[in-house]
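S.K.: Below are the structure tokens for one structure; questions will follow.
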Amino acid sequence: MAASEGYSPTKEMVNAAVQSSERLEGAASLLAMLEDKADSEQITASELAAVRCIVETCASDLDVVLERA
């Protein structure tokens, strides 16, 4: 559908993409901090779970919006 001439994404799709992009940037920052921490300390399961939760939420939100498209 996105390849069709004259196609434009819905406002909901654009919002979901923007919000997911912002959240994924946050997850990337958290991962960078965890990489630095791993040099001198052990990373906890809850720290990794926080990043996983962000990524899973973004994937789920995008799936829902794309299913409606």
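The values are calculated or read from the model by the stated rules, or taken from the named source; none is laboratory data. Remember, predicted model here, so these are calculated numbers, not experimental data. Heads up, the Cβs are rebuilt from the backbone with ideal geometry, glycines too, and the neighbour counts pull from every protein chain shown. Ligands, DNA and RNA are stripped out before the accessible areas are found, and what is left, the full protein with its side chains, is counted by its heavy atoms. Shrake-Rupley method; radii C 1.70, N 1.55, O 1.52, S 1.80 Å.
S.K.: Would you tally the net charge around S60, using a Cβ to Cβ cut-off of less than 15 Å, leaving S60 out, and scoring K and R as +1, D and E as -1?
M.R.: Numbers: positive: R23, R52, R68; negative: E12, E56, D61, D63, E67.
Net local charge, S60 excluded: -2.
S.K.: May I ask you to derive the relative contact order of the chain, considering only C-alpha pairs under 8 Å and at least 6 residues apart, and to give it as an integer percent? Don't skip to the answer; put the middle values down first.
M.R.: Numbers: 28 pairs, mean separation 31.2, N = 69.
Relative contact order for the chain comes out at 45 percent.
S.K.: When ligands, DNA and RNA are left out and all protein chains stay put, how many square angstrom of accessible area per residue does the chain have with a 1.4 Å probe?
M.R.: 75
S.K.: With +1 on each Lys and Arg Cβ and -1 on each Asp and Glu Cβ, and nothing else charged, work out how big the dipole of the chain is about its Cα centre, in Debye to the nearest 20.
M.R.: Its charge dipole is roughly 220 debye.
S.K.: I'd like to know which of A16, V55, G6 lies farthest towards the positive end of the charge dipole of the chain, counting +1 on Cβ of Lys and Arg and -1 on Cβ of Asp and Glu.
M.R.: Checking the options against the dipole of the chain, the answer is G6.
S.K.: Specify which labelled value, from (i) 16.1, 53; (ii) 12.2, 42; (iii) 22.1, 72, agrees with Rg and Dmax of the Cα atoms in Å derived from the coordinates of the model shown.
M.R.: Of the listed options (i) 16.1, 53; (ii) 12.2, 42; (iii) 22.1, 72, (i) comes from this structure.
S.K.: Then there's this: Just the number, please: carbon plus sulfur as a percent of the accessible area of the chain, 1.4 Å probe, no ligands or DNA/RNA counted.
M.R.: Carbon and sulfur atoms account for 56 percent of the accessible area of the chain.
S.K.: How much mean residue ellipticity at 222 nm does the chain get from its helices, if each DSSP H run of length 4 or more adds -39500 (n - 2.57) and you divide by all residues, to the nearest 500 deg cm²/dmol?
M.R.: -27000 deg cm²/dmol
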